[in-house]
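Asks: Pasting in a structure now, in structure tokens, and then I'll have a few things to ask.
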Amino acid sequence: MIDLYHWPTPNGHKITIFLEEAGVPYRIHPVDIRKGDQFKPEFLAISPNNRMPAIVDTAPADGGQPISLFESGAILLYLAEKTGQFIPQDLRGRAEVLQWLFWQVGGLGPMAGQNGHFANYAAEKIPYAIERYVKETNRLYGVMNKRLADRPYLAGDYSIADMASYPWVVPHERLGQKLADFPHLTRWFDAIKARPAVQKVYAASEATTSQPMTDEDRKILFGQTAKVIG
């Protein structure tokens, strides 16, 4: 059983998509980031970076004590190795998946996240910041589009690299992007969107993600310092 500490954000969706695709039993423990649940001591014990998602594997492969993990990329890799699913076992195939997984966690996620922040959530609209991140998101979408020109998924077969990247393409309109400009990326996006596991994940989160953000939410989510984890 996997205990999943989760809120329906792009990074949170990565893990629920994997668990649904792999058929792994899991329990969701909601971490309401708008209320500050991510700063509670019991959550910090699992996720010291006060970010979700995080998991606790109550039945690790070595038969020992439960294992807790934070960081979505690390969780995806751990679960893929635990189940033997969605990552190749051969050296070259594994290397393909890992480089695109790390590309997402080091590039697409942070850049699209800053894009969304400055364009949609920042109290002060800063044109330079908005333009900077919209253009960088556009560049990264272009990287995916080129990569997908001659293969169905980022590493060939459907993998954790695709599960990591897809949630950051879902909000493309809010990120100032037109999928029609990226035909190969659009084909990839539509193929993943049609998967039953992905549809189940997004249907379950619709009510939560449709709630508008308040000024109090912004105070909790943005601008925190080391004091909140002291």
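Asks: With the cut-off at 26 Å, tell me which of the pairs LYS14/LYS146; LYS35/LYS178; LYS14/LYS35; LYS40/LYS219; LYS146/LYS178 have Cα atoms farther apart than that.
Replies: Working: LYS14/LYS146 23 Å; LYS35/LYS178 33 Å; LYS14/LYS35 22 Å; LYS40/LYS219 16 Å; LYS146/LYS178 16 Å.
Pairs exceeding 26 Å: LYS35/LYS178.
Asks: Scan segment 161-210 for trypsin sites (Lys or Arg not before Pro) in coil per DSSP, keeping those whose Cβ has at most 16 other Cβ atoms within 10 Å, and list them by number. Don't skip to the answer; put the middle values down first.
Replies: Values: sites: ARG174, LYS178, ARG187, LYS193, LYS200; in loops: ARG174, LYS178.
Here the sparse-neighbourhood loop sites are ARG174, LYS178.
Asks: Hey, what number do you get for the chain at 222 nm if only DSSP H runs of n ≥ 4 count, each worth -39500 (n - 2.57), divided across all residues, to the nearest 500?
Replies: -14500 deg cm²/dmol
Asks: Taking the simple approach of a point 7 Å from Cα along Cα-to-Cβ for both TYR202 and LYS82, what is their distance in nm?
Replies: Simple spin-label model gives 2.6 nm for this pair.
Asks: What distance in nm lies between label points placed 7 Å from Cα along the C-beta direction at ALA149 and GLU216?
Replies: Here the modelled spin labels are 5.2 nm apart.
Asks: Out of all DSSP beta bridges in the chain, what portion is antiparallel? Express it as a percent rounded to 5.
Replies: Just about 65 percent of them are antiparallel.
Asks: Sticking with this one: Once the piece of chain linking LYS135 and GLN99 is laid out straight, how much longer is it, given 0.36 nm per residue of separation minus the C-alpha distance between them?
Replies: Numbers: separation 36, 0.36 × 36 = 12.96 nm, distance 2.25 nm.
Answer, rounded to one decimal: 10.7 nm.
Asks: Among 51-57, 30-36, what's the highest-first ranking by average C-beta atoms within 10 angstrom per residue? Write down the numbers at each step before the final one.
Replies: Details: 51-57: 22.7, 30-36: 16.9.
So the order, starting with the most tightly packed, is 51-57, 30-36.
Asks: Related question: Would you mind computing, in nm to one decimal, how far apart the modelled labels at VAL228 and ALA45 are, each placed 7 Å from Cα along Cα→Cβ?
Replies: Placing both labels 7 Å beyond Cα along the Cβ direction yields 2.1 nm.
Every number here is computed from the coordinates shown, using simple stated rules; none is lab data. Fair warning: this is a prediction, and the values are worked out from it, not measured in the lab. Using ideal geometry, Cβ is built from the backbone for each residue, glycine included, and neighbour counts are taken over all protein chains shown.
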